[in-house]
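Notes to accompany the following structure.
The values are calculated or read from the model by the stated rules, or taken from the named source; none is laboratory data. Not measured: the values here are computed from a predicted model. Don't worry about glycine lacking a Cβ; one is built from the backbone with ideal geometry, like all the others, and counts go over all protein chains shown.
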Amino acid sequence: MDQEVKMDMTPMIDVTFQLLIFFIITMKFRTLEKKLNSYLPTDFGLNTSSAPVEENFITVKIRQKKASEDPRPIRERGSYYYVETEEIKGATEKEIFQKIYKRIKAFRDQNKDAKGKIDAGTGVPHYRVVSVLDLFHKSGFETITFVGLTVNKDISAGMKWWRKMRETLGDM
Amino acid sequence: MAARKKRKHDTSASDVEMDMTPMIDIVFQMVMFFVIVSDFSQKDIAKLTLPWSTVGVDDEGDDESRLIINITAPRLSDTKVKKGDENVYSKIMVRGKPYDFQSLQKFLELNGVQNPKYRETDPTKKGLSNRSLLIRCDGNQSFDYVKAILQICAQPDIAIYKVEIATAEQPKDKKKAPTN
């Protein structure tokens with residue numbers, strides 16, 4: 001009588017191994033990412049005074065279009081790019097980045113101690129800043145600084161700034 | 001008579017059969033283990049469209065004490081998401097929990113140089129935290145969030161200087177590009 005209720009185990013083992021393989025593959029997901037090491041300066045803390053003007057710096061400025069030029073929410077609008085004070089124009093973003101690369105590469109080739117500075121305005125999407133950062137890395141710059149805003153150490157002032165930023169971005 | 005003969009034959013065959021129950025028990029234990037472990041590792045990593053880089057180095061992820069901050073970016077002009085739906089808003093996520101400026105500052109204070117567990121032992125790096133921090137920001141999110149986090153990290157009572165920005169390799173499929 002016992003033999004008649006015996007189960008065929010093969011499909012169950014098949015399914016179990018499928019599950020195992022699935023979980024092993026999904027766990028590998030995180031190693032596919034890349035990173036840009038951007039260590040902060042260790043010789044001083046938060047420098048709230050305005051930075052001294054140095055000749056070695058080349059600045060790339062990014063500003064979002066105004067609401068009157070592009071009605072979409074601020075971080076979905078197009079950007080204006082400047083190297084120093086000159087606006088860099090192009091039909092596509094790729095073309096603009098190539099022009100910026102040429103400019104900063106020429107500056108770096110002339111000046112081995114050249115430092116980069118990125119001045120990103122409110123609402124500029126992260127990927128545009130990373131693209132410019134990437135161009136600086138590619139041209140051999142070792143020191144790249146960001147033009148910051150003065151976030152107050154005082155938490156209530158920080159929160160006020162935070163709410164204002166989120167309001168500007170339409171994120172509230 | 002024939003039936004009795006058959007039964008006798010089968011009984012002798014089942015004597016050499018293996019008992020599968022312990023093996024299946026163990027296999028299911030393993031499945032449960034992987035389900036639980038994979039759930040934990042995914043909490044650190046929110047689903048984002050990372051920006052591209054050409055000079056980014058491979059992220060080994062071998063530093064166990066590394067902090068990971070995720071910044072999500074819903075499309076604000078997307079008409080499919082209703083206003084008032086909490087998914088419309090950008091979120092700073094650490095281990096699956098949302099943070100704002102105030103709570104993030106407190107969280108980093110607890111995990112920075114003030115925590116004796118995370119101080120640099122090298123005397124030339126006195127007053128700095130030995131913790132590294134990975135910022136995973138969606139490519140379409142505003143850079144203001146990253147800037148704010150960098151400024152919080154630079155404060156002398158936090159002093160986390162090993163900051164990394166997560167990027168992705170440029171995909172061959174152009175449709176996946178983070179673009180507006």
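In table form, for the structure just shown:
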| quantity | calculated |
| --- | --- |
| Sole residue being outside the structural domain of B:Thr72 (by TED's automatic domain parsing), among the small types (Gly, Ala, Ser) and modelled with pLDDT under 90, chosen from B:Ala177, B:Ala159, B:Ala148 | B:Ala177 |
| Within region B:55-156, strands (runs of 3 or more DSSP E) holding 3 or more residues that are aliphatic (A, V, I, L, M) | B:67-71, B:92-94, B:129-137 |
| Residue match in region A:68-91 (condition: farther than 23 Å from B:Gly56 by Cβ, touching a Phe, Trp or Tyr at 6+ places or on another chain (Cβ under 7 Å) and at pLDDT 90 or above) | yes |
| Identity of the residue in region A:66-93, touching a strand residue (DSSP E or B) at 6+ places or on another chain (Cβ under 7 Å) and farther than 12 Å from A:Thr122 by Cβ, that ends up surrounded by the most Cβ atoms within 10 Å (Cβ to Cβ) | A:Tyr81 |
| Residue that is surrounded by the most Cβ atoms within 10 Å (Cβ to Cβ) [pool: residues in region A:94-144 that are acidic (Asp, Glu) and part of a loop (DSSP other than H, G, I, E, B)] | A:Glu142 |
